[in-house]
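Working notes for the structure below.
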Amino acid sequence: MCGIFGYIGTDGRAINSVLYSIGLLEHRGYDSMGVAFNMGREVELYKISQEDKENFNIEDLKRLVPKRKRICNNGIGHTRWATFGGKTTKNAHPHHDFNKLFYFVHNGNVENLDDIKKELGKGSFYSETDSEVIVNLIAKYYREMNSLEKAVSKVLKKIEGANAFVVMDANKPEQLIAANKGGTIILGKENGNTIVASDLAAFEPFTIKNRHILKDNEIVEITKQGWKIYEDEKVKKAAKEINEPNSDLGEYKFFMEKEIFEQKYTMANAIRGRLITETGIPKLGGIENIARSLRKVKTFHFIGCGTAYNACLYAKFLFNRFGIAASASIASEFCYRHSVFAPDDAFIFISQSGETADTIEVINEIKIKGNICLGIVNVPGSRIWRETDAGISIRAGKEKGVASTKAFISQLASIVMLAVFLARQRNMTIDTGQRIFRELELIPDKIQEILNQANLIRKVVNKNSRFTNYYFLGRYFNYITAEEGSLKLKEISYVHAEAYPLGEMKHGPLALIDKDFCSVVIIPDDSVFKKSLVNIHEIKARNGKVLAITNKKMDVNLADDIIFVPRTIDYLSPLLTTIPLQLFSYYMALKLKRNPDKPRNLAKTVTVS
Ligand code: AGP
């Protein structure tokens with residue numbers, strides 16, 4: 001949520017660099033965007049929001065910046081996902097203090113804002129944001145201490161919540177200050193230019209060798225020479241290398257489309273080199289060091305949000321299937337419920353971005369208790385990657401579409417490998433492990449078989465786009481697919497969709513079924529196939545529309561439309577049955593003229609809790 005970028009250079013290209021990289025951070029928030037350039041004698045500020053133009057993009061912001069003044073060495077930029085204050089241009093960042101001495105881009109939420117406002121006393125704020133309040137607090141402390149580092153340090157101690165920010169001093173064009181408390185700030189250096197950003201995506205145009213991720217409570221002074229890190233006003237040094245995946249749109253119109261269609265390769269990448277057929281035990285380098293401790297764990301607790309939570313559900317079902325106790329919880333709920341767990345239970349946090357605030361909150365809580373924390377994460381170097389004791393990289397590559405697609409499939413693949421690893425430590429036989437590996441190796445091609453049916457799925461969507469209400473239904477493992485399909489449709493098409501375990505229909509939801517209600521039923525040939533068929537009859541008997549996803553020949557009179565997927569082991573079927581539902585929601589979004597990469601009210605990375 002909220003993307004931050006800052007640039008100090010020697011090449012006079014700060015304006016182009018900031019505008020370019022802010023465009024790369026659109027997935028962090030696209031309610032508004034803004035940039036500030038320190039031109040030496042003055043700071044120029046340009047902002048745009050949905051208030052000015054509903055579907056604005058980076059090109060609209062670029063048009064606001066006059067071409068004649070394109071020489072500058074110091075700039076900051078921001079993409080906003082609104083929390084405090086509406087999606088207006090006034091609320092867009094960068095914000096400045098009353099005297100326009102400091103310019104400020106911020107990601108996070110200040111939870112004790114009222115106390116800080118009281119401390120500031122009277123003052124008429126031009127925006128409704130917490131960020132404007134904070135930059136004024138910085139200015140106040142600066143007046144008292146005559147040092148920006150010291151002022152920022154004091155502010156960092158004062159504010160509550162997860163926050164990261166960059167401050168530009170109008171009188172010091174050779175310097176930026178950044179700080180982190182619970183968020184992510186990454187620094188990079190390239191040929192006389194120093195870059196600071198909230199997200200590796202902003203580093204794409206640069207060939208950066210040195211990188212550093214700011215730890216909590218660190219403050220950094222950024223100059224063209226590099227950076228100096230302060231913690232409690234002491235200079236500190238530390239560096240953590242991270243790999244940056246690359247991405248561009250290529251032949252595709254949207255990132256979501258690209259990411260759906262590259263799943264054959266991302267799935268293959270998730271398992272590459274990891275399936276050791278001789279032993280039936282996967283090689284998972286990230287957990288090797290704690291393998292012995294994992295052997296002693298009785299129960300595994302999976303934590304995540306949204307799609308990552310659906311992956312947690314899959315993990316729970318699969319672990320249980322292999323005889324290992326497991327639970328799945330929505331991160332934003334976990335800390336506020338009375339969860340019961342033993343000291344030797346392990347927690348596994350699933351997250352594409354590795355920056356989801358709700359999930360990080362649970363990690364912080366569990367670390368206090370001292371349980372083992374593992375991560376199943378896509379973005380190397382992200383906060384969850386760093387904060388967990390060990391983990392698995394899902395290797396899906398950069399995922400830019402707000403709707404998570406390829407990351408989900410790679411999460412499922414990683415969960416299967418982890419489950420086999422742990423089950424082989426326990427009761428699973430070598431031949432079961434080997435059989436699963438053989439089947440996993442076939443999944444990439446089977447995914448491609450489904451993708452080859454994209455045109456058919458598009459036709460099904462066009463035929464059914466009149467429906468405004470959908471159920472997504474499945475039993476056992478494919479109840480999870482139903483949850484994921486329903487989330488995807490809501491998220492990018494704004495069409496009402498709900499997921500239910502299919503057998504639950506008769507306990508209430510069936511009341512809504514009539515000729516205007518469409519049910520997408522996921523019904524592969526598995527142990528619950530016959531039961532599911534009966535449930536479809538119940539829907540058809542009430543004139544409901546049925547769209548079936550299956551791998552078995554079905555009575556064409558039973559389902560109005562059928563999409564076939566290849567066969568696999570029953571518990572691996574979500575790796576396949578999810579794919580047509582991703583395409584279904586994608587084509588529905590196009591049909592309804594939605595931008596699937598920019599669903600309203602949502603951001604890719606949710607860094608507020
Ligand atoms: C998925 O399509 C959503 N955009 C959302 O539910 C997402 O999965 C959730 O916010 C968790 O994100 P994470 O995987 O980066 O932690």
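The values are calculated or read from the model by the stated rules, or taken from the named source; none is laboratory data. For clarity, every value in this text was computed on a predicted model and none was experimentally measured. No Cβ is skipped: glycine too gets one built from the backbone with ideal geometry, and neighbour counts run over all protein chains shown. Just the protein is used for accessible areas: all its heavy atoms, side chains included, with ligands, DNA and RNA removed. Shrake-Rupley method; radii C 1.70, N 1.55, O 1.52, S 1.80 Å.
The modelled label-to-label distance for the pair E365/K150, using points 7 Å beyond Cα in the direction of Cβ, is 4.0 nm. With respect to the chain, whose longest principal axis is taken over its alpha-carbon atoms, helix 357-369 is tilted by about 90°. For the set W227, W385, solvent exposure ranked by accessible area (probe 1.4 Å, protein chains only) runs largest to smallest as W385, W227. Shape of the chain from the C-alpha gyration tensor: prolate (a/c of 1.5 or more and a/b above b/c, with a ≥ b ≥ c the square roots of its eigenvalues). Treating r as the C-beta distance of S293 and K228 and R0 as 30 Å, the FRET efficiency rounds to 0.20. Given a 1.4 Å probe and the protein chains as shown, V379 ends up with an accessible area of around 40 Å². Ordered from largest to smallest accessible area (heavy atoms of protein chains, 1.4 Å probe), the residues D560, D445, D526 come out as D445, D560, D526. Take every Cα pair under 8 Å whose residues are at least 6 apart in sequence, average their separation, divide by the length of the chain, and the relative contact order is 12 percent. For R567, the accessible area of its heavy atoms, probed at 1.4 Å with every protein chain present, is near 120 square angstrom.
Among the protein heavy atoms, those of T207 account for about 100 Å² of accessible surface (1.4 Å probe, every chain in place).
Taking a straight line from the alpha carbon of K298, these aspartates and glutamates sit under 15 Å away, with near neighbours fewer than eight places off in the same chain left out: D344, D345. Scanning residues 5 or more positions from I276 or on other chains, those with amide H under 5 Å from its amide H are I281, K283, with H placed 1.01 Å from N in the peptide plane. Taking a ≥ b ≥ c as the square roots of the Cα gyration tensor eigenvalues, the stretch 248-448 comes out oblate, since a/c reaches at least 1.5 and a/b does not exceed b/c.
Rounded to whole Å, the principal axis extents of the Cα atoms in the stretch 408-496 read 51, 25, 20, largest first. Between N557 and L512, the simple label model (points 7 Å from Cα in the Cβ direction) yields a spacing of 2.9 nm. Model label points for K253 and D389, set 7 angstrom from Cα along the Cα-to-Cβ axis, are 4.9 nm apart. Based on protein heavy atoms only, the chain ends up with 39 Å² per residue of surface accessible to a 1.4 Å probe.
Pairs exceeding 19 Å between alpha-carbon atoms, taken from K47/K258; K253/K591; K398/K598; K253/K398; K283/K446; K490/K598: K47/K258; K283/K446. Each listed q (0.11, 0.12, 0.14 Å⁻¹) maps to a log10 I(q)/I(0) for the stretch 3-236, found by the Debye formula over equal Cα scatterers with no solvent: -0.48, -0.57, -0.80. The largest accessible area among K224, K189 belongs to the first residue in K224, K189, and the rest follow in falling order (1.4 Å probe, all chains).
Relative contact order of the stretch 176-215, taken over Cα pairs closer than 8 Å and 6 or more residues apart, is 46 percent. Please work out the C-alpha center-to-center distance from the stretch 495-542 to the stretch 353-371 and express it in whole Å. For the stretch 495-542 versus the stretch 353-371, the Cα centre distance is 37 Å. For the pair E44 and A342, the difference between a 0.36 nm per residue extended length and the Cα-Cα distance amounts to 101.7 nm. In the chain, helical runs assigned H by DSSP with n ≥ 4 each contribute -39500 (n - 2.57); averaged across all residues and rounded to the nearest 500, the mean residue ellipticity at 222 nm is -11000 deg cm²/dmol. When only alpha carbons are used to place a centre, the stretch 67-124 and the stretch 312-340 end up 39 Å from one another.
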